[in-house]
1. Can you tell me how many residues in the range A:3-37 are of a type in the set (Gly, Ala, Ser) and touching a Lys or Arg at 6+ places or on another chain (Cβ under 9 Å)?
2. Among the candidates A:Asn29, A:Asn56, single out the residue that is within 14 Å of chain B (Cβ to nearest Cβ), out of contact with any helix residue (DSSP H, G or I) (no Cβ under 6 Å at 6 or more places or on another chain) and surrounded by fewer than 19 Cβ atoms within 10 Å (Cβ to Cβ).
3. From the list A:Arg5, A:Arg49, A:Arg13, A:Arg20, which residue is part of a loop (DSSP other than H, G, I, E, B) and within 30 Å of B:Arg61 (Cα to Cα)?
4. Being crowded, with 18+ Cβ neighbours inside 10 Å, modelled with pLDDT of 95 or more and within 14 Å of chain B (Cβ to nearest Cβ): is that true of A:Val7 here?
5. Please identify the pairs in which a residue from the range A:59-81 that is touching a residue at least 12 places away in the same chain (Cβ under 8 Å) and within 12 Å of another protein chain (Cβ to nearest Cβ) has its Cβ atom under 8 Å from the Cβ atom of a residue that is among the aromatic types (Phe, Trp, Tyr) and not in a strand (DSSP E or B), counting only partners at least 6 apart or on another chain.
6. Which one of the conditions (1) touching a strand residue (DSSP E or B) at 6+ places or on another chain (Cβ under 9 Å); (2) surrounded by fewer than 14 Cβ atoms within 10 Å (Cβ to Cβ); (3) closer than 19 Å to B:Glu117 by Cα does B:Asp65 fail to meet, given that it meets all the rest?
7. Tally up the residues in the range B:103-116 that are more than 7 Å from chain A (Cβ to nearest Cβ) and in contact with a Gly (Cβ under 9 Å, 6 or more places away or on another chain), please.
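The values are calculated or read from the model by the stated rules, or taken from the named source; none is laboratory data. From a predicted model like this one, the values you see are computed outputs, not experimental measurements. Because the Cβ atoms are built from the backbone with ideal geometry, glycine has one as well, and the counts that use them run over all protein chains shown.
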Amino acid sequence: MPVVRLVAFARLREVLGEHREIVLPDGANVGDLWEALVREEPRATALARGLRFARNDALCSAEMPLRDGDEISLLPPYGGG
Amino acid sequence: MLFEIVREPIDLRTIENAVLAPGCGGVVSFFGSVRERADDGRAVEGLRYEAHEAMARASFREIADEVRATMPEVRLAIVHRIGALNVGEIAVAVVAAAPHRAEAFAAARFAIDALKERSPIWKQERYCDGERLWVENRFGEERR
């Protein structure tokens, strides 16, 4: 079962915490991870709009399979500049 | 060329020095600073920025690569500050140096627009009434 490290930013960090490790079933993908987080913390549901994911510092889709040791970043809509 | 996320106040001159070159006769320096009022007119006490630092730096390099694909002589610096900023402080600086001004203006404009769209950086406005709000960049109808 893959253990992934989760890093959340901005309002998602406020809801989910900055870092945590999560164990997922074999074959789980990034979208499954998000579903698991939302089940655990329903307030995150409202923050799905415009959400982007990154796996090991590269943007990825919700279909990206998770591997043990991956770092998954949750990136809400950007506000830099 | 300089691509950084920093926590200290931005010194524009240092950034300019990183891209100035004898072959570059046109230099455009853009900086964005913290406004005292939000778009809705509310009084702003300050801002707090955070970034996915590795991805933000990578996005700056990618933006520069795109600029140089069409304008290979442009030298670019992109620096964004994170942490707590007060009104009037510089949040972001883009400096573009080129042989002539047209490329320098075009490169600086492209770089700041691209940064707002694709660099993983977040801004929280902190208002004088105590409220705090994460503010997203808007596209299409955005003020330019």
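1. From the range A:3-37, those of a type in the set (Gly, Ala, Ser) are A:8, A:10, A:17, A:27-28, A:31, A:36; that's our starting set.
Retained after the next criterion (residues that are touching a Lys or Arg at 6+ places or on another chain (Cβ under 9 Å)): A:8, A:10.
Looking only at that region, the number is 2.
2. Values: A:Asn29 fails: within 14 Å of chain B (Cβ to nearest Cβ).
Result of the check over A:Asn29, A:Asn56: A:Asn56.
3. None of the other options fit; the residue is A:Arg49.
4. Numbers: crowded, with 18+ Cβ neighbours inside 10 Å: yes; modelled with pLDDT of 95 or more: yes; within 14 Å of chain B (Cβ to nearest Cβ): yes.
When the stated conditions are applied, A:Val7 passes them.
5. Correct list of pairs: A:Ser73/A:Phe9; A:Leu74/A:Phe9; A:Leu74/A:Trp34; A:Leu75/A:Phe9; A:Pro76/A:Phe9.
6. Checking B:Asp65 against (1) touching a strand residue (DSSP E or B) at 6+ places or on another chain (Cβ under 9 Å); (2) surrounded by fewer than 14 Cβ atoms within 10 Å (Cβ to Cβ); (3) closer than 19 Å to B:Glu117 by Cα, the one that fails is (1).
7. First, pick out the residues of the range B:103-116 that are more than 7 Å from chain A (Cβ to nearest Cβ): B:103-111, B:113-114.
Right, trim to in contact with a Gly (Cβ under 9 Å, 6 or more places away or on another chain) and you get B:103-105, B:113.
Qualifying residue count, the range B:103-116: 4.
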